[in-house]
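One structure is given below, encoded as structure tokens.
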Amino acid sequence: MEPLDALATASATFTAVLDKVRSDELATATPCEEWDVRGLLTHVLIGDLMTGELLDGASQEEARALWDQEFGDDLIDRCRRSVVDQWIRMRAVDDWDVVVHHMVGDVPASQLLQFRTGDLTLHAWDLARAIGADVAIPDDLAERIYESLLPMAPFIGEIGVFGTGPSGTVPDDAPITLRLLDLTGRRP
């Protein structure tokens, strides 16, 4: 799966779950202990907005300032639009080696693309779990994200964004989505 195809698939996967969210579910807990549905959607929305800003040359401080925003009653619709806008912005990138000043440090735009693909995919699962919906993460998308994160397996639980990391109980021949979820600290 090509990188932009992966983002398109991740975007569609996330949006398919987002379309099932009702406004009365915004306070519902998610598997991400620090977020309810509103917090998760805000995280995705700001990540999408930050992507455009970074690709336009924003500094790390300017990107960090985006996290201070709060969104009102139109959060679900704004999140839906931001996923589409991010996709359009990413499609317009002509130099994947250009450095952006992400909050984790300076990274090439290709890494930002990978970050956003993983974020949308994993949070589609989190969101589905929170609202009791089904989500089907395509195997080729799960494989792509899993392979990109696998080198971090020994310390992924220590970096603070993937829960406790892998449980050590999922065999190597388990379905790829299960291996991805486990690697990223999610316990189906």
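Numerical summary
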{"quantity": "Stretchable slack from Ser148 to Asp106, in nm (0.36 nm times residue separation minus alpha-carbon distance)", "calculated": "13.3 nm"}
{"quantity": "Label point distance in nm, Phe115-Arg91, each placed 7 Å from Cα along Cα→Cβ", "calculated": "2.3"}
{"quantity": "Choice from Arg89, Arg22, Arg129 showing the highest fluctuation, given a GNM over the chain with Cα pairs closer than 10 Å", "calculated": "Arg22"}
{"quantity": "Kyte-Doolittle mean at least 0.0, axial Cα span of 20 Å or more - DSSP H helices of the chain", "calculated": "3-18, 37-55, 109-131"}
{"quantity": "Calculated FRET efficiency for the pair Leu4/Ala133, C-beta based, R₀ 25 Å, to 0.05", "calculated": "0.45"}
{"quantity": "Helix-only mean residue ellipticity at 222 nm for the chain, each DSSP H run of n ≥ 4 adding -39500 (n - 2.57), per residue, nearest 500", "calculated": "-17000 deg cm²/dmol"}
{"quantity": "Calculated semi-axes √(5λ) of the Cα gyration tensor in Å (choose from (i) 23, 21, 16; (ii) 30, 18, 15; (iii) 27, 18, 16), label", "calculated": "(i)"}
{"quantity": "Dipole moment magnitude, nearest 20 debye, the chain about Cα centre, only Lys, Arg, Asp, Glu C-beta charged", "calculated": "380"}
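Bear in mind these aren't lab numbers, they're just calculated from the coordinates by the rules spelled out. Because the structure is predicted, anything quoted here is derived from the model rather than measured. Because the Cβ atoms are built from the backbone with ideal geometry, glycine has one as well, and the counts that use them run over all protein chains shown.
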